[in-house]
Amino acid sequence: MGLNRREWMGAAGLAAAGLAAAPGLARATAPTPVNLSLNENPWGPSPRAIEAMQAHMSRVTRYATPETLALAELVAAEAGVSPDRVVIGAGSSPILRACGELMGRPGSELLTGAATFESLYRGAAERGAEVVFVPFDAQMRFDLDAILDRLGPKTCGVYICNPNNPTSTAVDADRLRAFAIEASKTAPVFIDEAYIDMMDDWPKSTVMDLVREPHNIIVCRTFSKLHGLAGLRIGYAITPPDMAADVRRKVSSGGLNRLGLVAAAASFQDTAFREEMRLRLIRGRNRMVEMAERLGLTYAPDPKANYLYVRHGMKNADFVARMDAAGVMVVRRAFPGFDAWNRICVGTDAELAACETALKSVLA
Ligand SMILES: Cc1ncc(COP(=O)(O)O)c(C=O)c1O
């Protein structure tokens with residue numbers, strides 16, 4: 001790509017911080033590397049979201065209480081609950097973190113899968129909980145039966161990510177529903193549906209209906225993935241009635257970003273956009289599977305989200321450095337216990353072509 005090492009590091013760092021397109025910064029470091037590291041949607045956002053932001057540009061002098069309520073009402077109506085059960089955060093990460101902190105206590109155990117998204121369990125661990133990483137089943141999915149077996153008096157919470165980050169594998173909605181009802185008799189069950197709308201059988205794949213019943217179950221979604229609004233930072237959870245106020249207090253002390261809220265609301269209602277993104281992301285995922293097959297790469301089977309978890313077979317730091325040198329950013333961190341694996345996300349056709357070329361040279 002004709003970049004020396006310093007230029008490359010600069011470009012990679014800026015891209016990782018989401019700043020590659022910032023005026024005056026990108027010029028010095030272009031061309032930007034292909035960034036397939038953060039499970040974003042390369043085709044977002046919805047034109048309706050952009051229009052909504054434009055309409056609110058001059059209104060940002062005001063705090064966004066009405067816009068917060070409006071978004072809460074929209075998502076509550078879809079889930080069939082009252083808006084006071086909705087917690088909106090600057091992305092779903094702070095909500096995950098807050099729920100983990102509320103669950104954890106010294107001497108307790110937070111149960112989750114062998115490798116998964118960290119925010120919730122880190123929050124619990126910070127409050128003294130031990131995180132129990134229950135091994136996956138043979139298909140690298142959350143082993144729900146094994147998690148049920150681990151439930152006990154010490155259990156302070158259960159975190160299920162479906163589809164899971166980083167494996168992209170998913171458990172069946174009916175099985176998850178039965179599991180969650182059972183497990184929530186012992187401890188709160190948090191179900192993270194960040195990528196749920198990318199599943200082939202969406203909307204059958206969701207278990208959001210569980211929040212209509214009086215279970216100790218929280219279901220969380222984000223506008224960062226399918227909606228393509230990662231940089232605006234809006235996510236939400238629907239919690240049991242007695243939990244919403246506690247979580248809300250922890251996540252939104254000063255209120256939320258008005259442009260993010262109106263963009264999220266517009267995107268949420270843009271059903272044509274949502275369906276188009278769904279199909280594009282699924283098509284991208286299928287292309288990645290074809291690529292992995294062509295390259296003879298092992299990957300976590302039956303992926304359902306906009307990324308593939310591949311086994312590169314080397315130290316992850318080496319893989320990341322070699323992919324960097326080949327012009328493609330992949331996720332920097334390895335998940336504990338999975339150092340020979342990396343998660344690569346969907347890009348445009350050109351980005352996937354660049355990824356295939358990079359992988360060929362890195363794995364040769
Ligand atoms: C499973 C999962 N949950 C939640 C998030 C948090 O996303 P955000 O904070 O952008 O809503 C991510 C982001 O990668 C994720 O993979």
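The values are calculated or read from the model by the stated rules, or taken from the named source; none is laboratory data. Given the structure is predicted, the values throughout are model-derived calculations rather than measurements. Neighbour counts run over all protein chains shown; Cβ positions are idealised from the backbone, glycine included. Side chains included, ligands, DNA and RNA excluded: accessible areas come from the protein's heavy atoms. Shrake-Rupley method; radii C 1.70, N 1.55, O 1.52, S 1.80 Å.
A few remarks follow.
- The condition (being open to solvent by 30 Å² or more (accessible area, probe 1.4 Å) and of a type in the set (V, I, T)) is satisfied by just one residue among I160, I181: I181.
- Members of segment 166-206 that are part of a loop (DSSP other than H, G, I, E, B), over 19 Å from M103 (Cβ atoms), touching a residue at least 12 places away in the same chain (Cβ under 8 Å) and under 18 Å from the mean Cα position of the chain (by Cα): P166, T167, S168, T169, A170, V171, Y195, M199, D200, W202, S205, T206
- Being more than 10 Å from the ligand (Cβ to nearest atom) and over 22 Å from P336 (Cβ atoms) holds for only one residue in D201, D149, and it is D201.
- Residue match in segment 90-106 (condition: under 21 Å from V331 (Cα atoms), touching a Cys at 6+ places or on another chain (Cβ under 6 Å), open to solvent by 30 Å² or more (accessible area, probe 1.4 Å) and near the ligand (Cβ under 10 Å from one of its atoms)): no
- Residues satisfying the stated conditions in segment 109-142, i.e. part of a strand (DSSP E or B) and open to solvent by 40 Å² or more (accessible area, probe 1.4 Å): E130, F133
- Matching option when the condition is more than 13 Å from the ligand (Cβ to nearest atom) and either small (G, A, S) or free of Cβ contacts under 8 Å to residues at least 60 places away in the same chain (or both), among T155, T239: T155
- Residue match in segment 209-218 (condition: within 20 Å of L110 (Cα to Cα), surrounded by 21 or more Cβ atoms within 10 Å (Cβ to Cβ) and either within 16 Å of the ligand (Cβ to nearest atom) or over 17 Å from the mean Cα position of the chain (by Cα) (or both)): yes
- Of the residues making up segment 274-313, those that are assigned to a helix (DSSP H, G or I), open to solvent by less than 60 Å² (accessible area, probe 1.4 Å) and within 18 Å of N39 (Cα to Cα) are R274, M277, R278, L281, I282, G284, R285, M288, V289, M291, A292.
- Conditions (1) under 29 Å from G123 (Cβ atoms); (2) modelled with pLDDT of 95 or more; (3) open to solvent by less than 30 Å² (accessible area, probe 1.4 Å): number failed by G44: (2)
- Of the residues R221, R249, R212, the single one that is out of contact with any Cys (no Cβ under 7 Å at 6 or more places or on another chain) and more than 23 Å from G80 (Cβ to Cβ) is R249.
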